[in-house]
Amino acid sequence: MTPRKPSISNASTPWLGKPLKRAFFARSVHEVAPDLIGATMLVDGIGGLIVEVEAYHHTDPAAHSYRGPTLRNQVMFGPPGFAYVYRSYGIHWCVNFVCEEEGSASAVLIRALEPTHGLAAMRRRRHAADVHALCSGPGKLTEALGITVAHNALPLDRPPIALHARTAEVEVAIGIRIGITKAVELPWRYGVKGSKFLSKPFPK
């Protein structure tokens, strides 16, 4: 039987791939980031397909870990497969997945999702009706999924967080990262090519 591709059209019974374990993240952040495109992210059963991410390596001046460990970023220096949640500009939360070996302090920022699970809850939390606007940005998706600092340092393979591998091949677009002032030339942003759920389209 050919697996069904998850989409908005069958959001009532979306297909889930195999669960992703913490070992999935014990690789180069540049391997993990594109491999997350098309995977499903759920928090307490609410979420969708990951359609946009950015990679941050410890040698990267734009990474929070670049200048060493702090109270805020210490989870980045721990083992892979844990969530790193921080407040951006004092306004909204952002969620990252810690990658590579312990001490590497590299992570993938989750920038956008295509909602497939719990749309009613997302709309209520976001006060938004347009499905394309529910998770089209790192702050929007954390609000839609109810992610806060309480999720910081939680494992990515245990409740309330669940990650599932993609069930269909996707065409991955690559570009420069958004909203940073350092290392702006690095092509470490990945997304589903042509997706209507991105935070910002990739250049054609």
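The values are calculated or read from the model by the stated rules, or taken from the named source; none is laboratory data. Given the structure is predicted, the values throughout are model-derived calculations rather than measurements. So basically every Cβ, Gly included, is an ideal-geometry build from the backbone, and we count neighbours across all protein chains shown.
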ask   = Quick one: would you say ALA62 is part of a helix (DSSP H, G or I) and either surrounded by fewer than 22 Cβ atoms within 10 Å (Cβ to Cβ) or not hydroxyl-bearing (Ser, Thr, Tyr) (or both)?
value = no
Single condition GLY17 does not satisfy, out of (1) in contact with a Pro (Cβ under 9 Å, 6 or more places away or on another chain); (2) of a type in the set (Gly, Ala, Ser); (3) outside any loop (DSSP other than H, G, I, E, B) = (3)
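Within region 160-178, work out how many residues are touching a strand residue (DSSP E or B) at 6+ places or on another chain (Cβ under 9 Å) and either part of a loop (DSSP other than H, G, I, E, B) or within 16 Å of LEU16 (Cβ to Cβ) (or both).
Here is the first cut: in region 160-178, the residues touching a strand residue (DSSP E or B) at 6+ places or on another chain (Cβ under 9 Å) are 160-167, 170-178.
Within this subset, residues satisfying the condition of being either part of a loop (DSSP other than H, G, I, E, B) or within 16 Å of LEU16 (Cβ to Cβ) (or both) are 160-167, 170-171, 176-178.
Going through region 160-178 one residue at a time, the tally reaches 13.
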inquiry  = Name the single residue that is nearest to GLU54 (Cα to Cα) among those in region 74-104 being assigned to a strand (DSSP E or B) and either without any contact (Cβ under 8 Å) to a residue 60 or more places away in the chain or among the polar types (S, T, N, Q) (or both).
reply    = ASN96
note = Within region 132-156, residues being surrounded by 21 or more Cβ atoms within 10 Å (Cβ to Cβ) and among the polar types (S, T, N, Q) number 2
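Does at least one position in region 136-159 carry a residue that is modelled with pLDDT of 95 or more, in a strand (DSSP E or B) and within 22 Å of PHE24 (Cα to Cα)? Before you say what the answer is, go through the steps one by one.
The initial filter retains those residues of region 136-159 that are modelled with pLDDT of 95 or more, namely 136-159.
Those left that are additionally in a strand (DSSP E or B): 155.
Subset that is within 22 Å of PHE24 (Cα to Cα): 155.
Yes, the conditions are met somewhere in region 136-159.
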message = Take the conditions touching a helix residue (DSSP H, G or I) at 6+ places or on another chain (Cβ under 9 Å), among the charged types (D, E, K, R) and on the phi > 0 side of the Ramachandran plot and apply them to GLU54. Does it pass?
response = no
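Looking only at region 105-131, how many residues end up being in contact (Cβ under 8 Å) with a residue 60 or more places away in the chain and crowded, with 21+ Cβ neighbours inside 10 Å? Show your work before the answer.
Taking region 105-131 as the starting set, the residues that turn out to be in contact (Cβ under 8 Å) with a residue 60 or more places away in the chain are 106-108, 110-119, 121-122, 131.
Then keep just the ones that are crowded, with 21+ Cβ neighbours inside 10 Å; that gives 106-108, 110-118, 122.
Number satisfying all stated conditions: 13.
Mind listing just one residue for me: the one in region 105-128 that is assigned to a loop (DSSP other than H, G, I, E, B) and within 19 Å of the chain's Cα centre (by Cα) and, of those, farthest from GLU143 (Cα to Cα)?
Kept after step one, since they are assigned to a loop (DSSP other than H, G, I, E, B), are these residues of region 105-128: 105, 118, 127-128.
Cutting the leftovers down to within 19 Å of the chain's Cα centre (by Cα) gives us 105, 118.
Values: ALA105: 25, GLY118: 13 Å.
Ranking the qualifying residues of region 105-128, first place goes to ALA105.
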remark   = A careful count of residues in region 13-51 that are among the hydroxyl-bearing types (Ser, Thr, Tyr) and under 11 Å from the mean Cα position of the chain (by Cα) gives 1
key: Residue that is modelled with the lowest pLDDT [pool: residues in region 174-204 that are in contact with a Gly (Cβ under 7 Å, 6 or more places away or on another chain) and either basic (Lys, Arg) or surrounded by fewer than 21 Cβ atoms within 10 Å (Cβ to Cβ) (or both)]   = PRO203
key: Residue check for GLU114: at pLDDT 95 or above, acidic (Asp, Glu) and farther than 14 Å from PHE82 by Cα   = yes
